[in-house]
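A short worksheet on the structure shown next.
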Amino acid sequence: MKLERLEITGFGRLQQRRFDFGERVTVILGANESGKTTMHRAVRAALYGLEAGGPGHPRERSEWARWLPWAAGRYGVVLTYRLDSGQRFRVAQSFDRGKIRAQVQEVGGGDITNQFRVGRLVSPGRFHLGVEESVFCAAAWVSEEGLRLGAPDAAPQQAGHLREALERLVDSGPDGVTAAEAVGRLTTALDRVGSERRGTSPLGVATAQLRRLESDIDQARRRLDAFAAEEERLRHLEAVAAESEEAARTAERSWLIGRIAQLGAQAHDVTEADSDVAALTAALHAEAPYAAFRTDDEERVITLGAELHQAERTAEEAEARRRAADGPLDDVRRRRVEIAAGLRAMPRPAPGAEAAGEAAGELRQRLAVAAAIDRRGDDLTAATARDDALRREIAATGLGAIEPTSLDEVARDIQTARTGARRWHALAETGAVALVLGGSASAALATAGRGGPALALAIAVAALVIALVASAAVAHGRAARARDGLARRLAGLDLGADGLDRLAAGLPRVRRLHQERLDLETIFAGHRAELERARQGLEEAVDRCHALALEAGAAVPTRPPRGSRPEVLLESAGAALDAVDEAARQARRRRELDAEDTRLATREAELAELGEEAHRRREEVASVEAGIRQVAAAAGIDAGLPPLAAVAAFREACSHRHEHDRLAASLAEAHRRRRIGGDAGVIDRRRAELEAELRRRGTALEAASVPLPPEAAELVELERAAVSAQQRAAIARSESQTLGARLEGLTAGLPSLADLEDERLAVSAARDRALHQQEALRQATEMIEAAGRGVHGRVAPRLAASVSERLAFLTGDRYGEANVDIEHFAVSLASAEREGLVPLDLVSHGTRDQVALLLRLALCEVLGDGGESMPLLLDDPLGSADPERRQSLLKFLAQLSTTNQVVLTVSDRGVAATLLAVCDPATSSVIDVDADTDSVAVLAPELEV
Amino acid sequence: MPLRLLHLADLHLDRPFAQMGCTGDLARRRRQGLRDALRLAGEIARERGCVAVTIGGDLYEHERAGVATAQFLVETFASWQPMRVLLAPGNHDPLVPGSIYLRTRWPENVHLFRSSRLEPFALGAGLTVWGLGHEEPAWMGNPLERSASHPAGAGAGVHIALFHGAEISSRPDGKAVHGPFRAGEIHEKGYALALCGHYHGRRVDLDTGLVYPGSPEPLAFDETGPRGPVLVEVETDGEVRCTALDTNQWHAGSVSCDLGGASTVTAAVDRVSAEVLTATAGWPLERATLRVDLVGSVAPGLAIDLFDIESAVRETTGVTALRVRDLTQPAADLEALAEESSTRGSFVRAATEALAAAGSQEERAVLQDALRYGLEAFAGSEVGLR
């Protein structure tokens, strides 16, 4: 960028002024307070606008107020400049109160103001130079403080300040701090937070407190849980005590009810005993006469009485049976006599007669079967006759001599003979016709002059005739052979055509007849065999019949000879079987009579036994009666009484005696009960006492279900249960009281979980917050350090490269290369005359000044992104420099101006002259601020709204 | 002569108050305040001639309640005799093993609903209260579905349900759901009213019969406004009336204070104090709990230390239960800073990228503070710990 013209309508002390800049060097000459600095500031205001205050920053303290025109009038500047690309721009900034405007125009182009708006300001410098105003101020605008030219011993401080300024600029801008300082503040903050291990730090304290509180809370919970468990045990003990007391009350109540019931029963017993004594005494008196009656024989008497009774009954029954058996006995005897007579009259049968009779039945069946089969022989006779008839019919056909199996062959011969003749005739006729016709045709052809065809035809006809003749001959031969065969088989038969026809016609009939004969033969072949078997069986049966008759001892007729007619055989067999049956019948009858006689004998014995039994029973009765009489007499019973009456009398006496004894025993028992029962009055009094006690315990006896009087053991058990329950209740009550007292004492010392939790929550929140702060500070530190490493690592080498680029040229090759430390931007130079790098604070003032300026320029290039050359605005930088250094620097500036425009304000005309002397006049310019010649009417630009 | 009940819920005895900025004695005073609220409810019930006090759950916090709490409840309820006390345990005081409800010997006038199904308790004169208790800390059953018998089959009279539950349609954001039900089911199931607990905000809706008394004392900064039990009157003809009573002794609230433009800590403290005094006007300062959210854009050079600010404001205003949150934003043009080619610009870019990639709220919070601390450090000022 090259500044061309600055027009000021009003800016600080300058008003209505115009300044044209030299291409390379511009010297602005003026006394102190003449407006040199104002001019520099105006350039900056044109490029970056003017801050006019805002929220929290009053306008009166802003830059706008600071540079208000001293005189009334417009407040604004117009700057024309040219970029390295050749583009020219005119920027007009108007700062009038209430009407702050800006306008940027490209010379020869249009309004492009909006391209350069940054917030409320219009900052073409930001875009064309690529650096913020702060960077521009720090780098391109150099005041005396910027170079700090002073005493030689200020070098280290100067270098240090330069490095620090560089670092600050790179890290955060001219008004900020370095990254290292920022990290230092974060570290300080981190120290304030502390760490968990550092016990005195807030975090350490919170961590320790939290640990302690958690332990306290855990302990408190355990104590409270233990206390709760003890409370639960206390409740349990109280419940046990209550239960036991209730059980004791229940048991006591039950005992009272039972005892009352027992006493009631006892009183009832006493009363009953009294009445029993009275009744028994009276009854005993009535039985007194039998007191001495001996009852030793009672059982015997009873037994005898029962025996007598039983014996009499038995005797009666036996006598009744005997009487009932008399009639049947006579019958039986009579019958036996008859049987004996009959048996004497009957002959004795053979031992096997009856068995033979049984076998005879079977034989009769066999005979019947044989007879039936024999009758079927008639059918066989008929069949034989039929067969004869069939034979005669077959013979009548003339083919009787032909076996059935040869009929087919005969039929073929007949057919051949018949057809052969006819065929022969047919062929002969055909041949004749062919010959005639063929001959005629051939002749015709020949006649027609067609000898060839005629010949051919003749030949063909001849061939045909020959063929026909041959066929006819063959047929004739066959027929002849067939007839020969027939003649041999059927000698004497007519084998002419008619005869053959007749034979042919008769063949089917002959076949049928042969078939019928065959069928007949098949049917009756079976019959014949069967008949033969039947005949054989019959003979055997007849033999068996006769044998059986012998076995049965019957009169056996003479057996007919074998082969006799079946009916003869059957008759003989029948007679034998009849004899067998008769013998068997007689044997059976005898057996039956024997059996009957045996039965009757048994019956007779039985009936006779009944009489014996009746006699025995009578004797038994007499015996028993004798025994009774004996005992009765001994007991003093009236001897004249019938035995049973005597028994009854004895028993009655015994009964009285028993009654007497029973009454005596009952009376004794009643007396005993009376004694045991005790005094009724005492019992009643005791009952009343117990009932009162029961009512006192809240139970009315009427309301309670009065049980049956319990057993004594049951009452004892109830008493024991009540005592046991009382003891349990006492123990539980005692334990619960002890425990309750102990818990009561512990209650006051129990921790408050809520208090502890509150504290824990608060400490935990504080710790969490401290950890959060720690983490945030740590991350901020890491990010800043990383950013610093990145930015420094990027900027330092570029700075070094940028400085190195001009260093040799500007220092006359004394120093060829600069190194910029990455960490803190410490600058060192590579000298041609010395080994290694020379720190900046060890080089000469002049070199240091030069390097400082180069660093500023380099910084602009590095931090800026426009790639544009930066004009250097030096505000009286040589005020306190000695002439030598001044000279050196002026030369340096002159050389620097080849790449960067230099605008230098000086108050010393000598310096101005010196500079111009070393510069090219064509590219230099001097502006005398004090002179009015440069004062022109600068119109305020008309800015679009 | 109507029958009267006093209904309260969500007392949360033994609750910690560290989240409200109360620790030590102050927290103990807060907890004592809860006990006082219960005693006061009993006095009011006696004065109004109530036949019973109904408690709709969360009477105490099971994890922290101890012997002293049980003793206090026994003594307090016993002193209310012959007035009945009907207890319906909730999710913070469920009927779990070790529950105070189960291991305490209650006076005779106390009835504890021990089943998770509504069971009747006749108060006489045709009034029946149907109550249930949570048997676990996270019960999700519908209280109105689980009646062993039904009011419709229980005869004439007025039937009132008592349980701890979450009415679905009016659930506050973030509130846990325990015992969910719908208000429309109350009359449908035959109940004239449902005396509930769980929501800490008061709600009395006679159209549906839904009654939430809310917590009688504020338990969080957002529990503002008057609070207290609800008096229920049941006429002989079945008409019911509800009157909310304002009995709270403690006050809670939350305010914002814009620190934009404040350049010093003193200025910041002054602003905060002014807001606090405005917000607590009319409150007894010794029973006031307030949360202050610092908002606005603050210059990086202004180091805000919450602890210092809290301490200073407490001293200035006299409000002891104070909790300050720093929600301010740095007054820095992050976009412009990010465009710098300086180390600061690189740091801002790195921090911004890390923020964009942050996976959790916690990570984001740390990075936001890291950015802030870094900017403060680059501004050359002392880093204020937030």
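The values are calculated or read from the model by the stated rules, or taken from the named source; none is laboratory data. Note that this is a predicted model, so its numbers are computed, not measured. Neighbour counts run over all protein chains shown; Cβ positions are idealised from the backbone, glycine included. Only protein heavy atoms, including side chains, enter the accessible area calculation; ligands, DNA and RNA are left aside. Shrake-Rupley method; radii C 1.70, N 1.55, O 1.52, S 1.80 Å.
Overview of results
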{"quantity": "Inter-residue pairs, beta-carbon under 6 Å, first closer than 14 Å to A:Ala182 by Cα and in the range B:336-349, second of a type in the set (S, T, N, Q) and assigned to a loop (DSSP other than H, G, I, E, B), 6+ apart", "calculated": "B:Ser342/A:Ser172; B:Arg344/A:Ser172"}
{"quantity": "Test set (1) open to solvent by 70 Å² or more (accessible area, probe 1.4 Å); (2) within 30 Å of A:Leu753 (Cα to Cα); (3) touching a helix residue (DSSP H, G or I) at 6+ places or on another chain (Cβ under 6 Å); (4) in contact (Cβ under 8 Å) with a residue 40 or more places away in the chain - A:Glu214 fails condition number", "calculated": "(3)"}
{"quantity": "Leading residue by the ranking (farthest from the chain's Cα centre (by Cα)) among those in the range B:220-255 that are acidic (Asp, Glu) and within 20 Å of B:His198 (Cβ to Cβ)", "calculated": "B:Asp222"}
{"quantity": "So A:Arg163, is it more than 9 Å from chain B (Cβ to nearest Cβ) and more than 30 Å from A:Pro839 (Cβ to Cβ)", "calculated": "no"}
{"quantity": "Spans of strands (runs of 3 or more DSSP E) in the range A:1-51 with at least 3 residues open to solvent by less than 20 Å² (accessible area, probe 1.4 Å)", "calculated": "A:2-10, A:25-29"}
{"quantity": "Search result, residues across the range A:740-750 that are within 8 Å of chain B (Cβ to nearest Cβ) and outside any helix (DSSP H, G or I)", "calculated": "A:Leu750"}
{"quantity": "Filter pass, B:Ala312 being away from chain A (no Cβ under 12 Å), assigned to a helix (DSSP H, G or I) and open to solvent by 20 Å² or more (accessible area, probe 1.4 Å)", "calculated": "yes"}
{"quantity": "Top-ranked residue in the range A:188-204 [being at pLDDT 90 or above and open to solvent by 60 Å² or more (accessible area, probe 1.4 Å); ranked as nearest to the other protein chains (Cβ to nearest Cβ)]", "calculated": "A:Thr188"}
{"quantity": "Qualifying residue in the range B:312-328 (condition: of a type outside the set (A, V, I, L, M, F, W, C) and free of Cβ contacts under 8 Å to residues at least 24 places away in the same chain)", "calculated": "yes"}
{"quantity": "Residues of the range B:246-279 that turn out to be in a loop (DSSP other than H, G, I, E, B) and surrounded by fewer than 21 Cβ atoms within 10 Å (Cβ to Cβ), as a count", "calculated": "7"}
{"quantity": "Residues within the range B:167-209 that are among the aromatic types (Phe, Trp, Tyr) and over 17 Å from the mean Cα position of the chain (by Cα), tallied", "calculated": "2"}
{"quantity": "Options A:Ser764, A:Ser734: the member that is more than 8 Å from chain B (Cβ to nearest Cβ) and free of Cβ contacts under 8 Å to residues at least 12 places away in the same chain", "calculated": "A:Ser734"}
{"quantity": "Residue within the range B:77-94 that is surrounded by fewer than 23 Cβ atoms within 10 Å (Cβ to Cβ), within 13 Å of chain A (Cβ to nearest Cβ) and in contact with a strand residue (DSSP E or B) (Cβ under 9 Å, 6 or more places away or on another chain) present", "calculated": "no"}
{"quantity": "Search result, residues across the range B:341-376 that are open to solvent by less than 40 Å² (accessible area, probe 1.4 Å) and over 42 Å from the mean Cα position of the chain (by Cα)", "calculated": "B:Ser342, B:Thr343, B:Gly345, B:Ser346, B:Phe347"}
{"quantity": "Inter-residue pairs, beta-carbon under 8 Å, first under 15 Å from A:Ala766 (Cβ atoms) and in contact (Cβ under 8 Å) with a residue 24 or more places away in the chain and in the range A:188-201, second of a type outside the set (A, V, I, L, M, F, W, C) and in a loop (DSSP other than H, G, I, E, B), 6+ apart", "calculated": "A:Val193/A:Ser201; A:Gly194/A:Thr200; A:Gly194/A:Ser201; A:Ser195/A:Ser201"}
{"quantity": "Flag for A:Leu308 being open to solvent by less than 70 Å² (accessible area, probe 1.4 Å), part of a helix (DSSP H, G or I) and more than 30 Å from A:Glu612 (Cβ to Cβ)", "calculated": "no"}
{"quantity": "Yes/no for B:Arg349 being closer than 22 Å to B:Leu259 by Cβ, modelled with pLDDT of 90 or more and within 14 Å of another protein chain (Cβ to nearest Cβ)", "calculated": "no"}
{"quantity": "Strands (runs of 3 or more DSSP E) lying entirely in the range B:166-244 (those with 3 or more residues that are buried (at least 17 other Cβ atoms within 10 Å of the Cβ))", "calculated": "B:193-197, B:210-212, B:230-234, B:240-244"}
{"quantity": "Residue in the range A:289-300 that is open to solvent by less than 60 Å² (accessible area, probe 1.4 Å), outside any helix (DSSP H, G or I), more than 30 Å from A:Asp597 (Cβ to Cβ) and of a type in the set (A, V, I, L, M, F, W, C) present", "calculated": "yes"}
{"quantity": "Identity of the residue in the range B:291-309, in contact (Cβ under 8 Å) with a residue 40 or more places away in the chain and of a type in the set (Gly, Ala, Ser), that ends up surrounded by the most Cβ atoms within 10 Å (Cβ to Cβ)", "calculated": "B:Ala303"}
{"quantity": "Output for the range A:52-92, where each listed residue is within 14 Å of chain B (Cβ to nearest Cβ) and open to solvent by 20 Å² or more (accessible area, probe 1.4 Å)", "calculated": "A:Gly54, A:Pro55, A:Gly56, A:His57, A:Pro58, A:Arg61"}
{"quantity": "Those residues of the range A:889-925 which are closer than 18 Å to A:Leu3 by Cα and without any contact (Cβ under 8 Å) to a residue 24 or more places away in the chain, in sequence order", "calculated": "A:Pro921"}
{"quantity": "Of the criteria (1) open to solvent by 40 Å² or more (accessible area, probe 1.4 Å); (2) at positive phi, which one B:Asp58 fails", "calculated": "(1)"}
{"quantity": "Helices (runs of 4 or more DSSP H) (entirely within the range B:315-386) containing at least 1 residues that are touching a Pro at 6+ places or on another chain (Cβ under 6 Å) and under 30 Å from A:Gly130 (Cα atoms)", "calculated": "B:361-378"}
{"quantity": "Hey, A:Arg651 more than 24 Å from A:Ser275 (Cα to Cα) and either over 60 Å from the mean Cα position of the chain (by Cα) or assigned to a loop (DSSP other than H, G, I, E, B) (or both) or not", "calculated": "yes"}
